[in-house]
Amino acid sequence: MSELLVNVVRGGLVESQHRGHLVVTDRDGREAFSLGNPNHVTYWRSAAKPFQALPLLEHQVVEKFNLSGPELALFASSHGGEEQHLAVLRQLLAKLGLSEADLNCGISAPMHLPSAHKLLTSGHKFSVLNNPCSGKHSGMLALTLLLGAPLTDYIKPGHPVQQEMLRTICQCTSLSPEEIHLGIDGCGVPVFGLPLRHMAMAYARLSLPEGYFEPDRVKALNLIRQAMTQHPFYVAGTNRFDTILMEVTNGKIVAKIGSEGVYCLGIVEQGVGLALKIEDGNRRAIDPVVIQVLKKLGYLNNDEFKQLEHLWRPILKNHRGDEIGYLEVVF
């Protein structure tokens with residue numbers, strides 16, 4: 001059974017509620033805290049991206065293409081499609097000898113609404129670069145080059161790139177391919193369904209890989225984590241929770257959202273991971289729940305909590321700007 005996590009209050013009346021599942025574990029899956037069903041199976045969605053980036057790093061993508069920290073962070077991103085994101089993406093594709101025409105993620109509006117508005121009012125069209133998964137797809141194209149595989153059909157489950165990523169996901173979550181449910185993500189590539197406990201385990205290992213994996217995997221995990229925590233803007237963007245959380249905690253936390261109410265994070269150097277699923281898929285409940293758990297378990301100090309407090313009990317406003325309600329954590 002899921003557990004009640006957040007109330008939506010308007011005029012003193014609980015108008016809506018968000019239920020879900022959450023688990024905090026160590027690298028072996030030992031549970032430190034949970035709500036609902038810690039073994040609830042759901043799709044990892046974009047929270048899997050740091051692990052999908054590992055094969056690139058293990059095939060020396062940094063050395064072969066002289067990549068920067070922001071470019072690595074984009075591999076693991078669900079970026080907002082802001083101008084800074086697009087500039088680095090174009091730079092990355094140029095280093096790969098490719099163009100946006102090679103990306104097969106589909107065209108979408110930028111997640112960053114002011115950027116979308118600017119494009120519309122200036123008469124420009126949305127492009128594949130605006131797609132929040134274009135960084136991940138650029139990484140998949142890079143891996144295709146490194147493997148000497150065909151660029152066509154790189155999004156198909158049977159392509160060498162997707163098979164390599166599935167193997168890596170299995171290794172990082174201690175699951176076999178038969179235990180992982182495969183679906184198709186919003187950007188056309190395979191997406192992985194697995195228990196929340198195993199997602200938390202993987203993020204615990206991302207936070208502290210030493211002594212757990214072979215040296216090449218340790219190096220790769222450290223590189224992608226450091227890219228994310230040192231360049232958090234390129235993981236998400238302006239006013240996005242991933243970016244804010246990693247900035248406020250100065251890289252003490254590595255964090256990544258997934259669609260449909262999924263959120264994962266690791267406590268760096270402590271070997272602790274968290275995985276959350278909001279049952280109805282609404283992302284607005286994520287921030288209060290994550291902040292509450294981090295605060296109660298002692299992973300946020302008072303100063304950090306103060307900087308995040310507006311997201312812990314967010315105020316609801318109507319179209320006039322009037323304050324009409326709020327979200328409150330109830331566990």
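The values are calculated or read from the model by the stated rules, or taken from the named source; none is laboratory data. Predicted, not measured: the structure shown is a model, and the values here were computed from it. Reconstructed Cβ throughout: ideal geometry from the backbone, glycine too, with neighbour counts over all protein chains shown. In case anyone asks, the SASA skips ligands and DNA or RNA and just uses the protein heavy atoms, side chains included. Shrake-Rupley method; radii C 1.70, N 1.55, O 1.52, S 1.80 Å.
Worth pointing out:
- For residue 316, the test of being under 28 Å from residue 115 (Cα atoms), open to solvent by less than 50 Å² (accessible area, probe 1.4 Å) and out of contact with any helix residue (DSSP H, G or I) (no Cβ under 8 Å at 6 or more places or on another chain) is passed.
- Screening residue 130 against (1) under 23 Å from residue 236 (Cα atoms); (2) modelled with pLDDT of 95 or more; (3) open to solvent by 20 Å² or more (accessible area, probe 1.4 Å) leaves a single unmet condition, (3).
- Condition broken by residue 274, with the remaining ones in (1) part of a strand (DSSP E or B); (2) open to solvent by less than 10 Å² (accessible area, probe 1.4 Å); (3) over 21 Å from residue 19 (Cα atoms) satisfied: (3)
- Condition met for residue 109 (among the aliphatic types (A, V, I, L, M) and assigned to a loop (DSSP other than H, G, I, E, B)): yes
- Residue list for the stretch 227-248, filter: farther than 21 Å from residue 130 by Cα and either free of Cβ contacts under 8 Å to residues at least 12 places away in the same chain or touching a strand residue (DSSP E or B) at 6+ places or on another chain (Cβ under 9 Å) (or both): 229, 245, 246
- Total residues in the stretch 227-241, condition assigned to a helix (DSSP H, G or I) and farther than 19 Å from residue 89 by Cα: 1
- Single condition residue 295 does not satisfy, out of (1) open to solvent by 20 Å² or more (accessible area, probe 1.4 Å); (2) part of a helix (DSSP H, G or I); (3) out of contact with any Leu (no Cβ under 9 Å at 6 or more places or on another chain): (3)
- Residues of the stretch 30-66 that are part of a loop (DSSP other than H, G, I, E, B), touching a strand residue (DSSP E or B) at 6+ places or on another chain (Cβ under 9 Å) and not aromatic (Phe, Trp, Tyr): 36, 37, 38, 39, 40.
- Considering residues of the stretch 277-288 that are out of contact with any Phe, Trp or Tyr (no Cβ under 7 Å at 6 or more places or on another chain) and under 20 Å from residue 48 (Cβ atoms) only, the residue least open to solvent (accessible area, probe 1.4 Å): 278
- When 88, 161 are screened for being open to solvent by less than 10 Å² (accessible area, probe 1.4 Å), under 19 Å from residue 62 (Cα atoms) and not polar (S, T, N, Q), only 161 passes.
- Taking the numbered list (1) surrounded by 15 or more Cβ atoms within 10 Å (Cβ to Cβ); (2) closer than 24 Å to residue 264 by Cα in turn, residue 310 passes all entries but (1).
- Candidates 157, 209, 150, filtered to the one that is part of a loop (DSSP other than H, G, I, E, B) and in contact with a strand residue (DSSP E or B) (Cβ under 6 Å, 6 or more places away or on another chain): 157
- Residue 77 satisfies every condition listed in (1) buried (at least 16 other Cβ atoms within 10 Å of the Cβ); (2) hydroxyl-bearing (Ser, Thr, Tyr); (3) over 20 Å from residue 224 (Cα atoms) except (3).
- Here is the figure for the stretch 23-67: residues that are without any contact (Cβ under 8 Å) to a residue 60 or more places away in the chain and closer than 11 Å to residue 223 by Cα total 0.
- Taken residue by residue, the stretch 256-267 has at least one member that is more than 16 Å from residue 44 (Cα to Cα), in a strand (DSSP E or B), open to solvent by less than 10 Å² (accessible area, probe 1.4 Å) and in contact with a Lys or Arg (Cβ under 8 Å, 6 or more places away or on another chain).
- The set of residues in the stretch 196-217 being open to solvent by less than 50 Å² (accessible area, probe 1.4 Å) and more than 24 Å from residue 32 (Cα to Cα) consists of 217 alone.
- Scanning the stretch 32-65 for residues that are basic (Lys, Arg) and surrounded by 21 or more Cβ atoms within 10 Å (Cβ to Cβ), we see that the one that is farthest from residue 206 (Cα to Cα) is 45.
- Within the stretch 309-331, being of a type in the set (A, V, I, L, M, F, W, C) and free of Cβ contacts under 8 Å to residues at least 60 places away in the same chain holds for 312, 315.
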